[in-house]
């Protein structure tokens, strides 16, 4: 059953499953994005696994949102995303995302929903924070 703007409320949330980031993920990201700098694993900090590009972490956790245990809302438009890296993610880290509805604003045929997202590593450390503004369909009139 689809979820509409009227089905959501401030404070609703869920947690995505986790996913371990591999060197192959970084390679695939470099191939798609053209970010060849992320492939230079020799420039990292000695004794630590290579860093993962911040945009790759955002892309993976956005995709994990589709695997969350909650029914997805009927998104009409992805309006804005603010991303704030907090600490590095490294190859071998397992990340997941907490999603929470932070604000809502009704409109005539849709509504704007502000989602706060916390990306966490396997230790529960906050690695990124993001705010998504999405336009969600209102329930069709009968």
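In segment 95-104, is there at least one residue being in a loop (DSSP other than H, G, I, E, B), in contact with a helix residue (DSSP H, G or I) (Cβ under 7 Å, 6 or more places away or on another chain) and closer than 18 Å to residue 65 by Cβ?
no
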For residue 122, are the conditions met, namely being at pLDDT 95 or above and outside any strand (DSSP E or B)? yes
Per-region count, segment 76-88, residues assigned to a strand (DSSP E or B) and either within 28 Å of residue 124 (Cα to Cα) or touching a helix residue (DSSP H, G or I) at 6+ places or on another chain (Cβ under 6 Å) (or both): 7
List, please: which pairs have Cβ atoms under 8 Å, are six or more places apart or on different chains, and start with a residue in segment 9-20 that is on the phi > 0 side of the Ramachandran plot and modelled with pLDDT of 95 or more and end with one that is part of a strand (DSSP E or B) and exposed (fewer than 14 other Cβ atoms within 10 Å of the Cβ)? none
Out of segment 60-75, which residues are surrounded by 15 or more Cβ atoms within 10 Å (Cβ to Cβ) and either in contact with a helix residue (DSSP H, G or I) (Cβ under 9 Å, 6 or more places away or on another chain) or modelled with pLDDT of 95 or more (or both)? 60, 73, 74
Restricting attention to segment 44-56, does a residue exist that is over 23 Å from residue 131 (Cα atoms), part of a helix (DSSP H, G or I) and in contact with a helix residue (DSSP H, G or I) (Cβ under 9 Å, 6 or more places away or on another chain)? no
Residues of segment 129-142 satisfying the condition of being assigned to a strand (DSSP E or B) and touching a helix residue (DSSP H, G or I) at 6+ places or on another chain (Cβ under 6 Å): 136
Can you pull out the residues in segment 105-115 that are crowded, with 16+ Cβ neighbours inside 10 Å and out of contact with any helix residue (DSSP H, G or I) (no Cβ under 6 Å at 6 or more places or on another chain)? 110, 112, 113, 114, 115
For residue 125, work out the one condition from (1) closer than 25 Å to residue 21 by Cα; (2) within 13 Å of the chain's Cα centre (by Cα) it doesn't fulfil. (2)
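The values are calculated or read from the model by the stated rules, or taken from the named source; none is laboratory data. From a predicted model like this one, the values you see are computed outputs, not experimental measurements. No Cβ is skipped: glycine too gets one built from the backbone with ideal geometry, and neighbour counts run over all protein chains shown.
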